[in-house]
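Novice: Would you mind keeping the following structure in view while I ask a few things?
The values are calculated or read from the model by the stated rules, or taken from the named source; none is laboratory data. Nothing here was measured: the structure is a model prediction, and the numbers come from that model. Here the Cβ positions follow ideal geometry from the backbone for every residue, glycine too, while neighbour counts run over all protein chains shown.
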Amino acid sequence: MTPVELSLFASRLDAVCDEMGGVLRNAAFSPNIRDRLDFSCAVFDDAGELCAQAAHIPVHLGSMAFAMADVVARMDWRDGDMVVFNDPFLGGTHLPDVTVVAPLFHDGELVAYLVNRAHHADIGACSPGSMPVSSSLDEEGLVLEPVHLLREGRWQEGVLERLRNATTDFLAARGDFAAQVSANRAGLARLSRLVAAGGTAGFRDGLAALNDYGERLARQTIGGIPDGDYRWEDWLDDDGQGNCDLPVRARVMVDGESVLVDFSGTAAQVGGNVNCPLSVAAAAVYYVFRCLMPDNTPSCAGVFRPVRLHAPGGCLLNARYPAAVAAGNVETSSRVVDVVLGALSRALPQRIPAASQGTMNNLAIGSGSGTPWDYYETLGGGMGSGGSGGGLSAVQTHMTNTLNTPVEVLESRLPLRVVEYGIRYGSGGSGRRPGGDGLVREFEFTRPAELTLLTERRRHPPWGLAGGGEGRPGLNRLDGEDLPPKCHRHVSAGARLRLETPGGGGYGVPDHGPGETTGCRDG
């Protein structure tokens, strides 16, 4: 392929993913998918290696890239099939993230897979919103091993019955699953045209050229990092079950054009739900190195070839079944990004930013009495600043890429009122380039409900770099009383929940004097 032909080929693959995302958003029932855009779409080859992805959720896409080969190898595929799964120990992340996979056949030959993953706020957990303060996987909802949702185009009633028994509003859930199926069908239609235009052999030659190109860019990027052994340590606040100050340690070893990231020394898996499968840790590592690569780097398997990782079995980042993992996907993945960036700041001090808010501030609310309802939200915060940029306020950072739920949607559909929503001024760390500010969001309950919080950076603030100050840690309050980082509460009508999210760390010594200590050290 010429460079122009390769660029066109990559753009057409990306367009397939973008169109899948458009169909999924427009067809979905739940605000979580339609308004917050908590979903991702991608194309994989016949071996389950990533070919392309839309610019959706990093933790979804990186984990799929790591685990999809094992998933597709488990199944017997026929034309018209779609397979559904969410098992974190068989290719998933956490149970609300449900993946639907469709094979593409051309002239009777399997050539690719169309995949989407979407967050379902009701997947049958022990508390509304399906993000409980759990201590085992069973408490987190319905566990779907890879199983056929459609077999040769026909819905499988046994799987639908499992979903019906797990969800409180099956019609809405069925609508969201139908949207995921529709998104894959749109992808199948578009990708089949691309394959037909060049033939199966031409399509595979294009993928090979794309992966080789991605690998070259990745190796050039890693080759630009000085060889060395770089370390960083940070902590998770707690696991919701009484275990606090859990260390996450990264050792980044750069050797020429390849890199090994070793998490030895990270805390052992715990009783709470901040554990995660290795695929989630891999997603965070891939994300960091992808951020260092040129903008034109394709999102394909070749990009990840020079990057290896190791996490001891049974640690927080490579937990064993049946560990609880609901917060690992959202909170622990954020800390993995922090420690890998921190380690790389030793090698690339001018390129790496200070810590961003380091949490997704997960809020799950709902009620099973009366008319059941579920609501799930992640909240933005401060972005860490760097030598040449960053420091944005009230934005989603790193492993999440969702929107907020619009106030108008939230108040029109749910028994909630938004009392305050704005920037938390002064929460960003001081520095020559100050860190971004977090945000404030306060809710009033108009009916009794249950709430669950899975948050981080309430005990350990985001660190600054190069003499920059720490960002302010976050705060959770119910009717003026402080709540722990992870908790579950029953609330009455009229109660008010206030979340103040962390600010980002600052960069550089501020003009008025030295910055605060960073709060982190070499491992």
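Novice: Condition first: aliphatic (A, V, I, L, M) and within 27 Å of Thr371 (Cβ to Cβ). Now tell me which residues in the range 146-179 satisfy that.
Specialist: Passing the criteria: Val159, Leu160, Leu163, Ala166, Leu171, Ala172, Ala173, Ala178, Ala179.
Novice: So, Glu152, is that one more than 26 Å from Leu207 (Cα to Cα), touching a residue at least 40 places away in the same chain (Cβ under 8 Å) and in contact with a Lys or Arg (Cβ under 7 Å, 6 or more places away or on another chain) or not?
Specialist: The answer is yes for Glu152.
Novice: Can you tell me which residues in the range 283-302 are out of contact with any strand residue (DSSP E or B) (no Cβ under 6 Å at 6 or more places or on another chain), over 19 Å from Ala209 (Cβ atoms) and not in a loop (DSSP other than H, G, I, E, B)?
Specialist: Result: Ala283, Ala284, Tyr286, Tyr287, Val288, Arg290, Cys291, Leu292.
Novice: Can Asp76 be described as free of Cβ contacts under 8 Å to residues at least 40 places away in the same chain and either within 20 Å of Val337 (Cβ to Cβ) or not in a helix (DSSP H, G or I) (or both)?
Specialist: Judged against the criteria, Asp76 is a match.
Conditions (1) of a type outside the set (Ser, Thr, Tyr); (2) part of a loop (DSSP other than H, G, I, E, B); (3) within 30 Å of Gly271 (Cα to Cα), marked per residue:
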residue	(1), (2), (3)
Thr93	no, yes, yes
Ala102	yes, no, no
Ala121	yes, yes, yes
Asp138	yes, no, yes
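Novice: For the list (1) surrounded by fewer than 22 Cβ atoms within 10 Å (Cβ to Cβ); (2) without any contact (Cβ under 8 Å) to a residue 60 or more places away in the chain; (3) closer than 18 Å to Val337 by Cβ; (4) not basic (Lys, Arg), I need the number of the one condition that Glu257 fails.
Specialist: (3)
Novice: On to the next question. Would you pick out the residues in the range 476-489 that are within 20 Å of Gly242 (Cα to Cα) and free of Cβ contacts under 8 Å to residues at least 60 places away in the same chain?
Specialist: Once the filter is applied, which keeps residues that are within 20 Å of Gly242 (Cα to Cα) and free of Cβ contacts under 8 Å to residues at least 60 places away in the same chain, the range 476-489 yields Asn476, Arg477, Glu481, Asp482, Leu483, Arg489.
Novice: Next question, about the same structure. In the range 303-382, which strands (runs of 3 or more DSSP E) lie fully inside it and hold 1 or more residues that are under 17 Å from Pro58 (Cβ atoms)?
Specialist: Passing ranges, in order: 307-310, 362-367.
Novice: State whether the residues of the range 471-483 include one that is of a type in the set (D, E, K, R), more than 22 Å from Asp239 (Cα to Cα) and either in contact with a helix residue (DSSP H, G or I) (Cβ under 8 Å, 6 or more places away or on another chain) or not in a loop (DSSP other than H, G, I, E, B) (or both).
Specialist: Looking through the range 471-483, none of the residues is of a type in the set (D, E, K, R), more than 22 Å from Asp239 (Cα to Cα) and either in contact with a helix residue (DSSP H, G or I) (Cβ under 8 Å, 6 or more places away or on another chain) or not in a loop (DSSP other than H, G, I, E, B) (or both).
Novice: Another one. Could you list all residues from the range 19-67 that are assigned to a helix (DSSP H, G or I) and touching a Cys at 6+ places or on another chain (Cβ under 8 Å)?
Specialist: Met20, Gly21, Leu24
Novice: Kindly indicate which of Asn329, Asn273, Asn296 is over 19 Å from the mean Cα position of the chain (by Cα) and of a type in the set (S, T, N, Q).
Specialist: Asn296
Novice: Listed residues Asp245, Asp234; which is of a type in the set (Asp, Glu), within 16 Å of Val339 (Cα to Cα), surrounded by 16 or more Cβ atoms within 10 Å (Cβ to Cβ) and not assigned by TED's automatic domain parsing to the domain that holds Asp138?
Specialist: Asp234
Novice: Exactly one of these conditions fails for Leu194: (1) in contact with a strand residue (DSSP E or B) (Cβ under 8 Å, 6 or more places away or on another chain); (2) more than 30 Å from Gly464 (Cα to Cα); (3) surrounded by fewer than 21 Cβ atoms within 10 Å (Cβ to Cβ). Give me its number.
Specialist: All conditions pass for Leu194, except number (1).
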